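To start, the structure itself, in structure tokens.
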Amino acid sequence: MAAVRDLKVTEMAAPGGGDAIELGKRHLIQPWPYAGSVGAEARALIGEGDGIYITDNTGKRLIDGPAGMWCVNVGHRREELAKVMYDQAMALSYNTPWYTMNAPSAELAMRIAGHAPGDLSHVFYTTGGSSAVETALRFMQFYNNVRGRPEKKLILSRGGAYHGSTYLSASLNGRPRDRDWMDGADELVIKLSSPDPFRRPHGTSLAAFTDFLVDQFRDTVARVGADKIGAFVGEPVQASGGVVIPPDGYLKRIREICRDNDILYVSDEVVTGFGRLGHVFASGDVFGIDPDMITFAKGVTSGYFPLGGVIISERLLEELRRSNHPDAMFGHGLTYTSHPVGCAVALKNLDLLEEEVLAHTQAVAPYFQARLKTLEDLPLVGEVRGAGLMACVECVADRESKDPLQLDKDVGKRIDAHCHQLGLLVRPLINMCVMSPPLIITREQIDDMVGILREGISRTMDDLRKEGVWRG
């Protein structure tokens, strides 16, 4: 680590020697690349992290506004997690999950089940969020096959949703740019409207908008047939869709329709789980629902080790055990399912959450939301919305039309570039900037973050005016 800290300029070396930026351009394929630069691109090089901060290759210290990718919940450089990782690797670095098991995975499953709502009591581990959603969907298919309902396989998803990058999970995504050039299992997925109150039709009350969403869901089930629909998959808060907070009561009403029609409700808590909204899981504690399955990842290890999973209702497992097909096999598993190092890190991470971080998040979240809300006095900002320690600043051409399309489509990237110069990393999403900092952030650090974001937006407004793109 000391050798890396000594490198303050662009010559930051890769572990095997050489310029990491040049090596990346020559050999590294970045995620979500464009065809014109695929395999020949370098992105911002990060050398180290500490608490809520990261340091780039120029030595600039930045507030980690997205907490990595919604995941570094307890902060960077937590010695407790590093030590557990080392100790577990020295004791048992790996075991095959096909015919052996390890103690950390069993203990973690028990503790996760203790935080889950309803009768969600069993955990299947994966390597991340995409594979967690994929696993939940494959379990739904298996469940209905064993119960003699092979036609009950359709999946309900929503506009604005993001559920992963594997084939089946990505098929649920409701952001157009995610699927413009990619194939998907379109024959299995039905897309419903996004529950985004900011984008509801002009003149429509929030109550009427909620009724529309619920009626659309109910009518779709009636039209398609409950005997054809296997699952609904929904994030309690649509994260990558722009931190969309659903209207009050909407999720409970959707849950009831699913229960009445024997449709499995899968709550995707890959982002909202493990503290982001102040609780280990938001489904029950924040939104008052008890899903049939919950998917999780990201914050379960605070990003220190790749781990995800699905929590499954005891009722579903009992029905399988009582079926007439006891020899039917759930033919699904991963080489790194129940990885001992990942589970050991997650156990210690859960200790930190329970002992200090959850209470701190609940205490500081109202201040975080209130300070960000002050940015709505900037003409470019159409809305600031959020919950817990996640929020979105949505920019619009004008507040009357709420039209983002008249703006430069990279306005989020423009803001991020200015903020980077000022000491803050944000998550740009076309006309939006998403903030989801490490949960250990203090009030003073929130003030710093909001101050930088205000200046970054102000500079972007100046740029857009000078270029004649915007007259606000």
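Brief remarks follow.
- Cross-link table Lys228/Lys402; Lys60/Lys413; Lys191/Lys409; Lys373/Lys402, entries beyond 28 Å C-alpha to C-alpha: Lys228/Lys402
- Estimated vicinal HN-Hα couplings, Hz - the stretch 397-403 in sequence order (Karplus 6.51, -1.76, 1.60; Gly, Pro = x): 5, 7, 6, 5, 8, 6, 7
- Considering only Cys258, Leu213, Ile312, and ranking their Cα positions along the charge dipole of the stretch 80-352 that arises from unit charges at the beta-carbon of Lys, Arg, Asp and Glu, the one farthest toward the positive end is Leu213.
- Ranked by how many other Cβ atoms sit within 10 Å of their own Cβ, fewest first, the residues Val364, Val38 fall in the order Val38, Val364.
- Interchain or long-range residues, amide H under 5 Å from Gln238's placed H: Val244
- Label-to-label distance, nm, for residues given as Leu188 and Ala113 (7 Å Cα→Cβ offset): 2.7
- Remark on Ser193: its backbone amide H falls under 5 Å from those of Gly159, a criterion applied only to residues 5 or more positions apart or on other chains, H modelled at 1.01 Å from N.
- Near Arg77, the amide H atoms lying under 5 Å from its own belong to Gly51; only residues 5 or more places off or on other chains count, and H is placed 1.01 Å from N.
- Within the chain: Cβ-based charge dipole about Cα centre, in debye rounded to nearest 20 (Lys, Arg +1; Asp, Glu -1): 520
- The spacing between the stretch 431-472 and the stretch 155-197, judged by their C-alpha centroids, is 29 Å.
- Total formal charge among the other residues, if their Cβ is under 12 angstrom from that of Arg255, Lys/Arg +1 and Asp/Glu -1: -1
- Shown in residue order for the stretch 133-146 are the 3J(HN,Hα) couplings computed by the Karplus curve 6.51 cos²θ - 1.76 cosθ + 1.60 at θ = phi - 60°: 5, 4, 5, 4, 6, 5, 5, 4, 4, 4, 4, 6, 5, 5 Hz (x for Gly and Pro).
- In plain terms, if you count all Cα to Cα distances in the stretch 80-352 and split them into 10 Å steps from zero, the share in each step is 7, 30, 35, 21, 6, 1, 0 percent.
- Over the chain, the alpha carbon radius of gyration divided by the compact-protein estimate 2.2 N^0.38 Å works out to 0.99.
- Around the Cα centre of the stretch 80-352, unit charges on the Cβ atoms of Lys, Arg, Asp and Glu (plus for the first two, minus for the last two) sum to a dipole of about 260 debye.
- Remark: the stretch 416-430, residue by residue, has Karplus-estimated 3J(HN,Hα) of 4, 4, 5, 5, 4, 4, 8, x, 9, 9, 10, 9, x, 10, 6 Hz, where x stands for each Gly or Pro and the curve is 6.51 cos²θ - 1.76 cosθ + 1.60 at θ = phi - 60°.
- Net charge in the neighbourhood of Gly333 (other residues with Cβ under 14 Å of its Cβ; Lys, Arg +1, Asp, Glu -1) is 0.
- 10 Å binning of all Cα-Cα separations within the stretch 33-132, expressed as whole percents from 0 upward: 11, 25, 34, 22, 8, 0
- Between Ala35 and Arg177, the modelled label-to-label distance comes to 1.8 nm, taking each label 7 Å out from Cα in the direction of the beta carbon.
- For the stretch 393-418 and the stretch 285-311, distance of Cα centres in Å: 32
- Charge context of Met390, other residues only, Cβ under 13 angstrom, K/R +1, D/E -1: +2
- Mean separation of Cα contacts under 8 Å (6+ apart) over length of the stretch 80-352, as relative contact order %: 31
Taken together, the values in this text are just the output of simple stated rules run on the coordinates, not laboratory data. Bear in mind that the values here come from a model prediction, so they are computed numbers and not experimental data. All Cβ positions, even for glycine, are placed from backbone atoms using ideal geometry, and neighbour counts span all protein chains on display.
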